[in-house]
Structures are given as C-alpha cells and as structure tokens.
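Note sheet for the following structure.
The values are calculated or read from the model by the stated rules, or taken from the named source; none is laboratory data. Bear in mind that the values here come from a model prediction, so they are computed numbers and not experimental data. Cβ atoms come from the backbone with ideal geometry, glycine included; neighbour counts cover every protein chain shown. Only protein heavy atoms, including side chains, enter the accessible area calculation; ligands, DNA and RNA are left aside. Shrake-Rupley method; radii C 1.70, N 1.55, O 1.52, S 1.80 Å.
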Amino acid sequence: MNQNLYLSQEQIQLQMDYIDKLSALTQGFERSHGRPMAAYVETYGCQQNENDSERICGMLHKAGFELIEERKAADLILFNTCAVRENAELKVFGNVGALKHWKNENPERILILCGCMMQQEHIAEQIRQKYKQVDLVFGTHALYRFPELLFRILSERSRVFELGGGDVIAEDLPIVRKAGLQAWVSIMYGCNNFCSYCVVPYVRGRERSRRPEKILEEVRSLAGHGTKEITLLGQNVNSYGSGSDFEENFAQLLTAVCRIDGIERVRFMTSHPKDISDELIEVMAREKKVCKMLHLPVQAGNNRILQAMNRKYTVEEYLAKMEKARREMPHLALSTDIIVGFPGETDEEFEDTLKLLRRVQFDNVYSFLYSKREGTAASKLPDPNSHEVKQKRFERLLEVQNEIALELNQAYEGKIYDVLVEGVSKTNPDCMTGRTDTNKIVNFPGNESMVGRFIPVRITKAHTWSLNGEIWRIEHANE
Ligand code: 5AD
Ligand code: SF4
C-alpha cells in the first residue's frame, strides 16, 4: 500500500497555515474597500466535481472570502471544469473568453480554472498561450493545495500553472455544503477501468478509497447537522476498498452508513455492471434506509460495441444482474447511461440499444452523444457516421425512453409513497417538491413546515419527469 496516498498532518497543516495567511490579506482588502472580497464559484460536470467545489468554497470561506451567486460582482471567479464531453469544455472556453474585459477593467481581479479539463496538457497549454486573463490553473491532483496556490497569486501577482501532483487523499479540509437535507460524500477517487471513450482515468488518476472510519465520521457529523439523505460517490463504488490496506468492501460500508442515527436515506453512484456483487444486492434489499434505486450505466445494447468500449461485460451478463436485482427488490427503480454514436456504430447496433431499453424498462436514461476525447483509445477509431445520423439516433432514443418513463410513472398513480420534502416547487409557490425513495420527483400542495420531513403522498397524476400528488391523511383512509 502506498503510504503517500494519505496526506500527512503536516501537509494539511501547511495548507491551513496558508488559509491563515490568506485571511490576513482578505482582511486588508475588507479594510480598504469597506466590504469583504467576493468569490464566485461555478461547477461543471458530475457530483464528484460538485463535491470538490464544496471543498473549494470551504477553503475560500475560511480564508475570509464572501461566496456570492453573481459572476460579475466577484473579485475572484473560479470555474471547476469537466472534461467528459466536448460541450462542457466549449462552455468554459466561451465563459473565459467573455471575461477578458472583466479582467482588463481591473487587473486585481482573479480568474481561476481547475478540475478535470485542466489536467489535460493540451488544454492547459491552450490557456497558457491564448487566455492570458487566467491567473491560476490547477488540476484535480492539486486541489488540496488551493490555499497555497491562491496565496502565491495574491502575494506575487504572477500567473501560476500547477498541473502536477500524484493520486492522494486529503482528509480534514474545510468544506461548505450547499444543501443541508441532502449531502454527497465521496468515498473514493479515480478510476481504473479505461473504457475506451472515457477521459476520466487520465484526469482523475487511479482508484483510491478513503478509509471507512473517515467516511463514517463525516456522515455522523452531517447527521448531527440535520442531514437526512446521503449519496455515496465514486466513479465505481463497487470496487471500494480494493487495493487498500483495510478489509471493508462497499456492501459493508453501506451497511455501516445505514447504522448511523439521523440518516434516513442512503443512495450511491456510480456502479460498474462488472463489479456489482450479490452481497451488495442483498444489502440493498435488506437495509430499509438504502433507496430502492440502482444507477447502472450500460452504455450500449450491443456486444460488439460493448467490447469496443472495453466495458468487460455482455448484454446477457448485464441483463442477468438487473434481473437478479429486480427479483430481490420488485419495486426497484433503474437508471442507466447510454452513449449514442460510438465510432462505427451501425443502425442495427443502435437498434439493439433500443431493444435493451424496451426490455429493461429503465425509469431514467441519461443519454449522451459520443464525444471524441483526446488521448483515449476510441479517439483513434474510424468514425464514418455523420453528425446528422447520430443526432437522429439520439432523438429516437429520447422518444422511445420518454414513452417508457411515462408508462412506468403511470404505475405510481393512485398509490401512496413517503416523500422526503426538499423545498418549495420552483414553478408553483403553493406546491412542495420532494422525492420517493425510488428517486421520483413528487410535487404536491403543502407548506414550508414540511421541508425535511417524510410526508405520505398519494400520486394523482404521472408525467414523464415527475409526479403530482396530494397529502394522504388518515381520514382519507376511512372515506
Ligand atoms: N462521450 C459521450 N459520453 C461520455 N461519457 C463518458 N465519456 C463520454 C464520451 N467521450 C458518459 C458515459 C458515462 C457518463 C458519466 O458520461 O455514459 O457513464
Ligand atoms: Fe469512465 Fe468507464 Fe471509469 Fe466510468 S468506469 S469513469 S465510464 S473509464
């Protein structure tokens, strides 16, 4: 086991010392400007990135920055970027380009880019050459060194590019959580799977797991602050603990999280179909607190494509795992990820994916157009299909899936579910919104005193993406 995996107390302390030094600078700013230094953080991509941004915000807050929601009013802007698809990268370039004027107006302002996209050399080089308004660039491996890097920017006023660093686990960094009721907890980082289309193993490094006692300590502390729902995060949570110096596997960790008082619901993502174990399915079925939903990305419904993707399972093996899970948990909600237009995908191969959707009947499908990622194995494959062909397939898949989702949701009509109320509906101030344990969004007339509570709701109307309902009271039962 690599002892350098866990940062030493001294390394963490060094960063905490930089936070103190930053505080002195931000206090100086506040005295001279009559207001605190304002920071704006924008996050792209997955929940793992959101969770990293919570750490970044934690460090900024501790260093005396005021965290604000409006980009233009900020003294410091940070984009935590995603590299999984080209779209997300183009948005970042667009935003950074548009901030040239903002930076020129006042060179004291600070523009920072970090995250997965920056961990790619060709991108960092492009920023270095063409986007001079950017002050600081750092990759995923240097996240814990943010206080030190920011201090250099503020004290030396020179550009800093920090793209090195190894695969580490940094515990006990400050954190600012966005929502109280629900929280994400990273249990592992990195990925060893090298699916042929995916850039993640290149930008997030090798798989490494946090120690179970650290994870449980974090969940206990969240429960103490009112969190009721935990989502355990990792690129492939089913291989939690492999290659580590402790014994616990994911099924055991999940059980231990369920034992924590105050936590009412536990979710997890993402799982790789090749690693999902019978033991995990048993724990899911047995533990009341584990939500009855499983996100299991299949990516494609054709064996040749799956092999070209280096997914290491066949359609038949995938179906067998899903069927086993459904046998154990008849009301299990299922979701998946699909990539449309993988290089060389034929019409027939695409039809196989539709067949799989019809057969499994997923509640939710997250579909993506294939995006060529530099450095990945698939980027070298011939890709004869036009964008139009891929786009048509994509739209067809949405159509098929929307029908399935609506039908599955209609089966909820007339039944009563416990809904964990999250807040007021964004579209109707008289409605509250929450979720069933199968992750269905439910809107129903109610009031704010219900937030954070489980309310029994009878479903009155199903839509493709959500359900409408009404509060179920005991007196209804006697009507
Ligand atoms: N192009 C399109 N989608 C991708 N994903 C990962 N890499 C790519 C890519 N190059 C999708 C996969 C994965 C999800 C998080 O993003 O479906 O499960
Ligand atoms: Fe990417 Fe595959 Fe790892 Fe998921 S399992 S992060 S798709 S390489």
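Using a cut-off of 21 Å between alpha-carbon atoms, which lysines can reach LYS440, once sequence neighbours fewer than 8 places away in the same chain are excluded?
Within the straight-line limit of under 21 Å, LYS440 reaches these lysines: LYS228, LYS288, LYS289, LYS292, LYS415, LYS426, LYS461.
If I model a spin label at GLU121 and HIS463 as a point 7 Å from the Cα along the Cα→Cβ vector, what separation in nanometres do I get?
4.9
GLU213 to ASP337: extension gain in nm, 0.36 nm per residue of separation minus the Cα-Cα distance?
Here the segment from GLU213 to ASP337 would lengthen by 41.5 nm.
Relative contact order for the chain: what is it in percent, counting Cα pairs under 8 Å that are at least 6 residues apart?
Relative contact order here is 10 percent.
Under a plain spin-label model, where a point goes 7 Å from the Cα along Cα-to-Cβ, how far apart in nm are LYS274 and LYS91?
Label at LYS274, label at LYS91, 3.0 nm between them.
If R0 is 25 Å, what FRET efficiency do you get for CYS431 and LYS288 from their C-beta distance, rounded to 0.05?
Efficiency, from the Cβ-Cβ distance: 0.35.
Please compute the per residue accessible area over the chain with all protein chains in place, 1.4 Å probe, rounded to a whole number of Å².
That works out to 45 Å² per residue.
Could you tell me the center-to-center distance, by alpha carbons, between segment 405-479 and segment 348-363 in angstrom?
After rounding, the separation between the Cα centres reads 29 Å.
Under 17 Å from a point 7 Å along the Cα-to-Cβ line of GLU395: which residues of segment 326-361 have their amide N that close?
The answer is 340-341, whose backbone nitrogens lie closer than 17 Å to the label point.
Suppose every Lys and Arg Cβ carries +1 and every Asp and Glu Cβ carries -1, with no other charges. What dipole size does segment 326-444 come out with about its Cα centre, to the nearest 20 debye?
About 180 debye.
Tell me which DSSP H helices of the chain clear both cut-offs, 27 Å or more of axial length from alpha-carbon atoms and a mean Kyte-Doolittle hydropathy of at least -1.0.
Flagged H segments are 9-33, 387-410.
How much length would be gained if the chain were fully extended between ASP172 and GLU30, taking 0.36 nm per residue of separation minus their Cα-Cα distance, in nm to one decimal?
Between ASP172 and GLU30, full extension yields 48.4 nm more.
Using unit Cβ charges (K, R positive; D, E negative) and no other charged atoms, how large, in debye to the nearest 20, is the dipole of segment 247-361 about its Cα centre?
Roughly 400 debye for segment 247-361.
Just going by the charge dipole of the chain, with Lys and Arg at +1 and Asp and Glu at -1 on Cβ, which of ASN443, GLN133, TYR417 is farthest out on the positive end?
It is GLN133.
What aspartates and glutamates sit close enough to LYS62 to cross-link, taking a C-alpha to C-alpha distance under 14 Å and skipping anything fewer than 8 places away on the same chain?
Once the sequence-local aspartates and glutamates are set aside, what remains near LYS62 is ASP17, ASP20, GLU54, GLU148, ASP172.
Order of 299-308, 464-473 by packing, highest average Cβ count within 10 Å first?
299-308, 464-473
To the nearest 0.05, how large is the calculated FRET efficiency for ILE441 and VAL160 if R₀ is 60 Å and r is the Cβ-Cβ distance?
Efficiency computed from Cβ-Cβ geometry: 0.90.
Kindly state, to the nearest 0.05, the FRET efficiency for ALA377 paired with GLU50, given R0 = 30 Å and r defined as their beta-carbon distance.
Result of the calculation: an efficiency of 0.60.
What is the extension gain from GLU247 to ARG259, computed as 0.36 nm multiplied by their sequence separation minus the C-alpha to C-alpha distance, in nm to one decimal?
2.5 nm is the gain from fully extending GLU247 to ARG259.
Take each of the peptides 266-276, 375-385, average the number of other beta-carbon atoms within 10 Å over its residues, and list them starting from the highest.
266-276, 375-385
Which net charge results for the neighbourhood of MET118, defined as the other residues with beta-carbon distances under 15 angstrom from its beta-carbon, given Lys and Arg at +1 and Asp and Glu at -1?
That sum, taken over residues with Cβ under 15 Å, equals -1.
Evaluate the distance, in nm, between pseudo-label points positioned 7 Å from the Cα of ASN106 and of ARG220 along their respective Cα→Cβ axes.
The modelled label-to-label distance comes out at 4.5 nm.
Ignoring ligands, DNA and RNA, what percent of the 1.4 Å accessible area of segment 416-477 is carbon and sulfur?
Ligands and nucleic acids excluded, carbon and sulfur give 50 percent.
I'd like to know which of LEU254, CYS114, GLY241 lies farthest towards the positive end of the charge dipole of segment 98-256, counting +1 on Cβ of Lys and Arg and -1 on Cβ of Asp and Glu.
Value: CYS114.
Where the only charges are on Cβ atoms (+1 Lys, Arg; -1 Asp, Glu), what is the dipole of the chain about its Cα centre, to the nearest 20 debye?
Dipole magnitude for the chain comes out near 540 debye.
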